[in-house]
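Step one of this worksheet: look at the structure below.
The values are calculated or read from the model by the stated rules, or taken from the named source; none is laboratory data. Nothing here was measured: the structure is a model prediction, and the numbers come from that model. Cβ placement follows ideal geometry from the backbone for every residue including glycine, while neighbour counts extend to all protein chains displayed.
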Amino acid sequence: MRILALFLVLFTSCACGAQPVPDIAGNWQGRQSKLKIARTGSGDLRAILHLEATPPDYRTPLIAPASSITFDGSILQISIDDLQVGYSLNYSGKLSVDGNTISGTLSYLTGESLPLVLFRAFPTKPITVQELEVLLTQLSGRSDSIVASRLHSFQLTQQLDAATLAHLLNSLPGPKSTDALDILAAESTFLDPPQVKFQFSPNPALQHSRQSSHAPWIT
Amino acid sequence: MTTALHRQPNFYATRITTTYRRNFWKEPTPKKVKRLLSTVVYRNGNEQQDAKEMAKIQGLTTSGEFGPILGTAMLDAAKGNLTWRRWQEGPVTPFAVFRYVVTANHSHYEVDGKATGYVGEITIDPSNGAIQRLVFLADMPKDGRLVTADIAVEYGPIELGGRTYTCPLHGIAVSHGFTLMWLNEISFNRYHLFGTRMRILPAPLIDHQ
């Protein structure tokens with residue numbers, strides 16, 4: 001029985017560990033501060049920090065891109081050099097488990113440091129294409145405004161292709177929800193689509209690429 | 001590919017650009033701000049767009065969907081490290097998706113007039129070799145005022161003069177600055193061949209004086 005209990009505990013902790021890490025990219029704001037973090041095409045991070053007042057006089061506002069930014073899954077480190085005000089600053093913070101808060105410290109080379117808690121601006125819930133289809137079925141019969149409002153609270157984690165979009169648009173009650181779904185779809189354009197199992201050899205192109213550096217259909 | 005493009009007939013199409021804007025710090029969602037119709041002319045292998053109309057579009061937009069964008073992708077993909085990405089569901093058969101990376105000093109993708117490094121994606125229909133989708137995901141420099149500048153263009157079959165050509169159908173261009181996001185959704189329709197139509201009318205039977 002003990003062995004079974006231990007197994008269950010281990011299984012549960014493994015399952016919890018498999019939860020996806022929330023993405024640090026987004027718009028963050030705290031007391032007199034805003035931080036924008038984005039991912040480039042290669043997956044590198046970019047950040048711009050805005051402080052309404054910076055020491056020593058606390059009158060000078062700052063808006064500057066980060067010279068360096070790292071995120072290891074929970075800890076965010078940002079450095080900003082070459083400031084218009086003439087010195088560097090660093091921010092180090094920990095991302096909360098729900099992915100909506102960063103608690104950290106802003107430190108200046110002048111020796112000052114102050115706590116800075118940042119909250120995600122207008123947080124949205126992640127949703128897959130399949131979950132979106134289910135949601136719209138559940139919202140069937142609701143008013144245009146209610147459906148639009150619900151759609152605005154989500155962000156797709158997968159690309160919504162044109163065929164699925166056209167199918168889903170047909171089920172919507174009016175222009176507000178149509179606009180909301182159009183925006184969701186447009187913002188999902190650069191994500192990977194849902195994985196589909198195909199009936200043939202999973203990757204014949206790889207075999208070809210061993211012989212040639214070019215794709216078989218581009219000549 | 002370029003040769004194939006130049007073999008396309010002379011035609012014109014309607015380009016509809018819907019612009020959405022969002023202030024990240026004040027608005028929870030993007031708002032539709034403008035819808036603009038313009039005519040794109042493709043004549044003798046060159047794409048012509050009304051410069052005045054294009055200047056009205058705010059934020060990042062696409063141009064050259066009928067040639068230059070394909071040329072950019074082909075040129076950079078040929079030099080870059082083209083790698084297999086995935087199969088993707090197509091309307092009939094699956095599409096093949098490839099990816100490549102281009103550094104700024106080898107790039108032909110321009111953002112704000114500056115060559116920018118990017119990750120490119122090419123989606124191809126293996127059954128006929130036609131390009132279905134092109135994606136450019138910019139690697140914006142650290143010191144830039146923009147952090148994101150990505151575009152995607154989708155192609156599909158269009159019948160012109162009894163023959164089927166692969167033409168742009170839809171595009172998305174999105175840019176993020178510190179405060180604003182601009183999202184332009186572009187669609188192409190009403191494709192028409194340039195040509196002369198002659199209609200012979202009979203002479204009037206009664207001569208009015």
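Points to keep in mind about this one:
- Set side by side, the residues A:Ile102, A:Ile48 differ, and just one is buried (at least 19 other Cβ atoms within 10 Å of the Cβ) and within 13 Å of chain B (Cβ to nearest Cβ), which is A:Ile48.
- B:Phe136 facing another protein chain (nearest Cβ under 7 Å) and under 22 Å from A:Glu187 (Cα atoms): no
- When residues in the stretch B:139-174 are screened for being within 30 Å of B:Pro9 (Cα to Cα), of a type in the set (A, V, I, L, M) and within 12 Å of another protein chain (Cβ to nearest Cβ), 6 of them pass.
- Members of the stretch A:52-83 that are touching a residue at least 24 places away in the same chain (Cβ under 8 Å) and not in a loop (DSSP other than H, G, I, E, B): A:Thr54, A:Thr60, A:Ile69, A:Thr70, A:Phe71, A:Leu76, A:Ile78, A:Ile80
- Residue under evaluation A:Ala53, criteria (1) among the small types (Gly, Ala, Ser); (2) surrounded by 15 or more Cβ atoms within 10 Å (Cβ to Cβ); (3) farther than 30 Å from B:Val135 by Cα, criterion not met: (2)
- Hey, B:Gly171 modelled with pLDDT of 90 or more and crowded, with 17+ Cβ neighbours inside 10 Å or not: yes
- Test: residue in the stretch A:159-170 that is modelled with pLDDT under 95, closer than 22 Å to A:Arg120 by Cα and more than 10 Å from every other protein chain (Cβ to nearest Cβ): no
- Filter result (of a type in the set (Phe, Trp, Tyr) and in contact with a helix residue (DSSP H, G or I) (Cβ under 9 Å, 6 or more places away or on another chain)) within the stretch B:142-186: B:Tyr155
- Assessment of the stretch B:101-114 against the conditions (at the interface with another protein chain (Cβ under 9 Å from one of its Cβ atoms) and either of a type outside the set (Asp, Glu) or surrounded by fewer than 18 Cβ atoms within 10 Å (Cβ to Cβ) (or both)) yields at least one matching residue.
- Qualifying residue in the stretch A:103-113 (condition: closer than 25 Å to B:Pro30 by Cα, small (Gly, Ala, Ser) and touching a strand residue (DSSP E or B) at 6+ places or on another chain (Cβ under 6 Å)): no
- Filter result for A:Asp144 (at pLDDT below 95 and not aromatic (Phe, Trp, Tyr)): no
- Scanning the stretch A:53-84 for residues that are acidic (Asp, Glu) and more than 21 Å from A:Gly111 (Cβ to Cβ) yields one hit, A:Asp72.
- The residue list B:Tyr12, B:Tyr42, B:Tyr20 contains one member that is touching a helix residue (DSSP H, G or I) at 6+ places or on another chain (Cβ under 7 Å) and at pLDDT 75 or above, which is B:Tyr20.
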